[in-house]
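Structure record follows, encoded as structure tokens.
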Amino acid sequence: MDRRRLLGPLNTVIPNIGISSEINGSKSTPQTGISSSSSSNKNDIENFFLKTGIIENANGSAYLEVGNNVIEVSVFGPRPIRGSFIDRASFSVECKFLPYISQPGDELFNTNNQFNNSNSNTNANGRTGLTTIEHKISSYVETALLPSIILEKYPKSTFDVFVTIVATETPTYNSNEKLMRLTNWIVNCASVALVDANVEVKDIVTSGIVKSNKSGDIIIDPRGQIEDEQNEQDEQDDQNEENVLGVASFMNLNNDQLVGIWVEGGDIDQDLVTKVINGCNDMSKKIRANINSFLIDSLQ
């Protein structure tokens with residue numbers, strides 16, 4: 001073996017490269033955004049726009065638009081920690097809605113906050129400055145991203161991820177589905193922001209969301225369907241308590257390792273959970289393919 005050469009790892013994996021959804025087949029430029037495949041199929045994901053490096057004073061940042069959701073993520077770190085020595089970095093995520101944004105599920109989760117002093121802004125979990133919904137999103141995103149970061153590379157340091165929700169979808173369908181759909185895309189946007197911050201990670205985390213109706217059918221990215229294909233039965237399913245919603249996050253290059261899962265709905269059994277996980281994994285791979293293409297193009 002030639003010791004004068006820097007050899008790559010033995011078990012090299014070729015990344016999955018996504019294909020642009022442009023009608024003429026042309027490739028989108030990295031700074032104009034990326035798009036998923038066309039939404040003519042019920043199992044296709046909705047087109048989305050992604051851009052990095054939008055915040056100059058942050059170590060990394062990403063901006064994502066999907067539907068009416070507008071998400072902005074900034075990463076600060078590694079920053080030194082004062083005090084005793086720790087052999088690995090700490091990691092935190094904080095999600096905030098802009099003041100004029102109505103939070104999905106506000107009537108369900110933030111009811112108790114309406115009776116509290118508006119200056120305290122303390123939720124039932126004791127996290128100061130965040131509502132209950134913001135805490136739920138922050139906790140899931142932190143749980144999903146934490147396994148991917150090589151914290152041992154940054155002793156006595158901290159990483160802080162700040163998520164800002166600039167706009168959300170209008171509440172024309174189930175508010176719980178709206179909340180989980182928003183959380184799904186926040187994970188994808190935050191993963192790209194970590195890469196933009198040059199943080200050493202084991203893999204990029206991508207997420208998917210699916211819905212299972214009372215007949216057991218799995219719909220990938222349920223709100224990604226075009227309006228013409230939504231019939232009266234779909235509208236009834238949105239309000240049906242037997243529907244099961246699931247969000248799952250994966251590290252695809254690491255044998256599709258599951259790093260986060262959130263399932264809510266009616267009767268849930270083992271077979272249904274398996275279908276939900278597999279459906280979310282399929283969607284996460286489609287998103288991952290587009291992100292891979294975007295990142296590779298940005299280096300050229």
Set the Förster distance to 25 Å, then compute FRET efficiency between Ala167 and Glu56 from the Cβ-Cβ distance, nearest 0.05. 0.65
Provide the per-residue ³J(HN,Hα) series for segment 66-76, in order, calculated from phi with Karplus coefficients 6.51, -1.76, 1.60 and θ = phi - 60°, each as a whole number of Hz, with x at glycine and proline positions. 8, x, 9, 7, 10, 10, 10, 10, 10, 10, 10
Residues meeting the amide H criterion for Asn243 (H placed from the backbone, H to H distance under 5 Å, 5 or more places apart or on another chain) are Gly266
When each of Lys178/Lys286; Lys214/Lys286; Lys51/Lys211; Lys136/Lys156; Lys96/Lys275; Lys96/Lys153 is checked by Cα-Cα distance, pairs over 24 Å: Lys214/Lys286; Lys51/Lys211; Lys136/Lys156; Lys96/Lys275; Lys96/Lys153
Potential lengthening between Phe85 and Lys285 on full extension [0.36 nm per residue; Cα-Cα distance subtracted]: 68.1 nm
Extended-chain gain in nm, criterion 0.36 nm per residue less alpha-carbon gap, Tyr100 and Asn68: 10.0 nm
Search the structure for amide H atoms under 5 Å from the amide H of Asn174, placed 1.01 Å from N in the peptide plane, and list their residues when 5 or more places away or on another chain. none
Just to check I understand the Karplus step: with θ = phi - 60° and J = 6.51 cos²θ - 1.76 cosθ + 1.60, what whole-Hz values come out for segment 262-267, glycine and proline as x? 9, 10, 9, x, x, 5
Counting only residues 5 or more apart in sequence or on a different chain, those whose built amide H sits under 5 Å from that of Gln257 are Met251
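Taken together, the values in this text are just the output of simple stated rules run on the coordinates, not laboratory data. Source: prediction; values computed, not measured. Neighbour counts are summed over all protein chains in view; Cβ atoms, including those assigned to glycine, are modelled from backbone coordinates with ideal geometry.
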